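Chemist: The structure is given below, and queries will be raised subsequently.
Every number here is computed from the coordinates shown, using simple stated rules; none is lab data. Because the structure is a prediction, the values reported are computed rather than measured. When we count neighbours, we look across all protein chains shown, and the Cβ atoms used for this are built from the backbone with ideal geometry, even at glycine.
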Amino acid sequence: MVFLINSILLLILSGCSAWQDKPIEEEMKAYALEERFDNYSKILNSVEQQNLDKVLNVSSDMALQLKDEILYIKLFYFHKQSANNIKMYLQKYKQSKGIILDLRNNPGGLLNESLAILNIFIDKGVLLKRVQKYNVLIERAIGNSTTSLPLVILVNKKSASASEIVSGVLQERKRAIIIGETTFGKGSIQDIVIFKKKKLFKVTTEYYHLPSGKNINNVGIVPDISIKHNKIYKIKKDFKSYRVLFRELKFKQKDIPLVLAQMILAD
């Protein structure tokens with residue numbers, strides 16, 4: 001059931017940045033002329049509309065304290081309270097010495113929430129480059145980060161859109177270690193347009209690049225430590241020093257990425 005829900009969300013979510021209420025005829029003509037239709041542009045059916053409303057408005061995350069005072073946070077999607085919830089977890093578990101942010105199977109959600117989460121961990125500098133039709137909008141940190149605790153992010157091939165923004169930016173800014181599989185590879189942002197008769201249309205309005213200018217569309221975020229079939233597959237050069245920790249790893253354990261994250265933060 002969880003797999004089915006995540007599959008549906010992967011189709012209807014992905015960086016929904018705004019809601020607009022404009023006549024269908026004018027909007028569709030404008031989008032067609034600007035060649036803004038792509039694989040992620042579509043009219044949402046009634047079930048997808050209900051799921052979208054639920055996802056964006058209902059808070060659904062979890063947090064718990066693991067051994068060695070490591071805070072584990074699981075985000076299922078990026079809804080309107082995601083950033084506030086993370087701040088709440090940090091306040092609740094003040095004694096934490098490190099954070100694991102689990103974005104596996106997270107299909108994305110609200111762009112603004114991904115930016116708000118980045119501002120929790122990054123105090124200054126460029127966060128994202130939003131490439132629009134006639135403009136490039138640079139998103140910068142607002143200088144109000146909440147924590148400097150060591151951070152590990154878990155991702156997999158179903159981590160998409162807002163998940164890739166958070167993991168990709170924090171990786172480039174050397175603020176987090178990324179563990180898992182190469183992510184989905186979705187570098188576009190959609191708006192939700194309300195049609196007449198209350199139909200919703202999801203349309204691509206812009207693309208995003210990481211602070212370096214990298215476009216991850218159809219490429220994804222490559223982890224610092226890649227896991228394949230629950231085994232370590234590849235380690236980037238800068239993280240070779242962790243090999244000594246991995247000798248203690250028992251590969252029969254069910255969740256190798258999570259165990260690795262705990263070992264790194266506890267080291």
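Chemist: How much length is gained on full extension from N215 to I194, taking 0.36 nm per residue of separation minus their Cα-Cα distance? Working shown, then result.
Modeler: Numbers: separation 21, 0.36 × 21 = 7.56 nm, distance 2.90 nm.
Going from the current span to full extension adds 4.7 nm.
Chemist: Sticking with this one: If I model a spin label as a point 7 Å beyond the Cα along the Cα-Cβ vector, how far apart are those points for Y134 and Q65 in nm?
Modeler: So the two model labels end up 5.5 nm from each other.
Chemist: Which order do peptides 121-128, 62-69 fall in by mean Cβ count within 10 Å, highest first? It would help to have the intermediate numbers written out before the result.
Modeler: Values: 121-128: 18.0, 62-69: 13.4.
Going by the mean number of other Cβ atoms within 10 Å, highest first, we get 121-128, 62-69.
Chemist: Applying a 10 Å radius around every beta-carbon, put 49-57, 174-182 in order of their mean neighbour count, most first. Intermediate results must be reported in sequence, preceding the final value.
Modeler: Values: 49-57: 15.8, 174-182: 21.2.
The packing order, highest mean first, is 174-182, 49-57.
Chemist: Sorted from fewest to most neighbouring beta carbons within 10 Å, what does the list Y72, Y77 look like?
Modeler: Listed from fewest to most nearby Cβ atoms, that is Y72, Y77.
Chemist: Sort 107-118, 208-219 by packing, meaning the average of other beta carbons within 10 Å per residue, with the highest value first. Intermediate results must be reported in sequence, preceding the final value.
Modeler: Numbers: 107-118: 24.0, 208-219: 16.2.
Averaged packing, sorted descending, gives the order 107-118, 208-219.
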